[in-house]
Amino acid sequence: MKFLGSVCILLIISIANSYGDYFEVPLLKANWDVQTSKTNCELIQRIPRYGNAVFTHRSGEALQFSIQEQRFKPPVIKASLSAQPSLWQQGVASPHDYLVYLDNTSEAKAYDKLVVFGNTAETMIDALLQGQSPVFTYTRAISDLDIVETRVAISAIKFLEPYETFRDCRKNMLPFGLRELQDTIVFFDPGSKALNQFALDKVSKIAAYMKEIENSQVVIGSETVMMKGLDRKWFTKRSASLKQALMAQGVTEDRVKISAKFNKSQDKNIIRIHVFGPDALKWLHYRKGNTKLTRTEKKRLSLLARYVREYFRQGRLVINSHTDSLGSKSTNKIISRKRGNVIKKYLESQGVTKSQILVRAFGESRPIKSNRTPKGRSQNRRVVISFRNG
């Protein structure tokens, strides 16, 4: 979204060959259309030879008021909005200029869309109710010396009745919208597939939203997909729990897709739910004598730190560090402690507080496989991070 100021380019305007375009609805053709649903309310005036003026209120978002020209034209370089009094309104204060933005999102498509939000849009509603006319004024640069000014006036004629329908639509909207639901992250406790209360509340909202949007779908993916095979076991269990919870709320099975990795689809009717549990992140293995972190291990620990910052804030991490039996016991104890401290330092650099991390160095004392084989020793050279509540 780009802000378009109303500051005059005085030097250019003083020497430019400028002329103006003016658009408004003819008196006898002025009308407003209303479109309503539980998730979107629109109040539309169609302006002949120009395009549309639209009040839009999507559930969970602020009111917006926009005009969009249905013609290919050079880019807008400055714009303003004011509420002009009608001819019969004597003594009304001079108009105030409001900030205008250029909507450059994908929804705006090929044509320039000028928009105001929130309180400014509400002020334009009030102006129309008082019989005033919101007027967008903007300029385009045709060339270095040619500037075209365009004025678009929105009519207050026949506004009251459709406005009341629009107002009632806004009252009956869902109190949440797609923006709140999209890319929902559902955190799971270590070793658990149970949905916490936050997740259950989100599922309930998503189900309610999907009942209103017939072609909407849910895709459940993994926030720890980089761990691949290590991630698969817990993701399968947790995504199944989410799917069952959605179906229990009335979402049909064909509208829920499970895919560990999200594709790059921009479909606005697809709600993505991210499964985030720490279980696939807690294991690290080392080459003999090595204490440094690889790039992959740093990515893994960064994800773990994010899990702690965003969800496991009151918990503690215990870094259990082990080695194989090659070398002396004292050397192995030193190596295991060094590995644990390197991990602790990295987690602290990623925002985990020092008091949340405990390092326990076991050296070679707790093997999980035989140290007689290279494969067994490689599995014993490990760090396992465990999670404690409180």
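None of the figures in this text is laboratory data; all of them are computed from the coordinates on show. As the structure is a computational prediction, the values presented were derived from the model and not from experiment. Here Cβ is always computed from backbone atoms with ideal geometry, including for glycine, and neighbour counts include all displayed protein chains.
Test of understanding: extend the Cα→C-beta vector of Thr331 to 7 Å, then name every residue of region 287-305 with backbone N under 20 Å from that spot. From region 287-305, the list is 287-292. Quotient of the Cα radius of gyration of region 31-89 and 2.2 N^0.38 Å, N being its number of residues: 1.36. For the chain, the longest principal axis of the Cα atoms and the long axis of helix 295-310 meet at an angle of about 70 degrees. Relative protection proxy for 64-72, 188-196, from highest mean packing down: 64-72, 188-196 (other beta-carbon atoms within 10 angstrom). When DSSP beta bridges are limited to those with both residues in the chain, what percentage is antiparallel, rounded to the nearest 5? The answer is about 70 percent antiparallel.
Test of understanding: what is the full-extension gain from Lys233 to Glu214, defined as 0.36 nm times their sequence separation minus their Cα-Cα distance?
3.6 nm
The angle separating the long axis of helix 229-248 from the principal Cα axis of greatest extent in the chain is about 50 degrees. Dividing the mean sequence gap of close Cα pairs (under 8 Å, 6+ apart) by how many residues the chain holds gives a relative contact order of 14 percent. Karplus-derived 3J(HN,Hα) values for region 56-62, using 6.51 cos²θ - 1.76 cosθ + 1.60 with θ = phi - 60°, are 10, 10, 9, 4, x, 10, 7 Hz; glycine and proline are entered as x.
Taking amide H as placed 1.01 Å from N in the peptide plane, Ser133 has its amide H under 5 Å from the amide H of Gln84, Ser86, each at least 5 places away in sequence or on another chain. For Lys375, the lysines whose Cα comes closer than 19 Å to its Cα, not counting residues fewer than 8 places off in the same chain, are Lys288. Estimated at 0.36 nm per residue, the fully extended path between Leu200 and Ile44 surpasses their Cα-Cα distance by 52.4 nm. Among the listed pairs Lys228/Lys344; Lys193/Lys338; Lys292/Lys345; Lys237/Lys299; Lys268/Lys299, those with a Cα-Cα distance over 22 Å are Lys228/Lys344; Lys193/Lys338; Lys237/Lys299; Lys268/Lys299.
In plain terms, the chain from Ser37 to Ser386 could stretch by 120.8 nm, reckoned as 0.36 nm per residue minus the Cα-Cα distance.
Relative to the longest principal axis of the Cα atoms of the chain, the long axis of helix 197-212 lies at roughly 40 degrees.
The computed percent of Cα pairs over 32 Å apart for the structure shown corresponds, within [x] 28; [y] 56; [z] 35, to [y].
By the rule of a C-alpha distance below 14 Å, with chain neighbours fewer than 8 residues away ignored, the aspartates and glutamates paired with Lys298 are Glu348. The orientation-averaged projection of the convex hull spanning the C-alpha atoms of region 289-342 amounts to 4.2 square nanometres.
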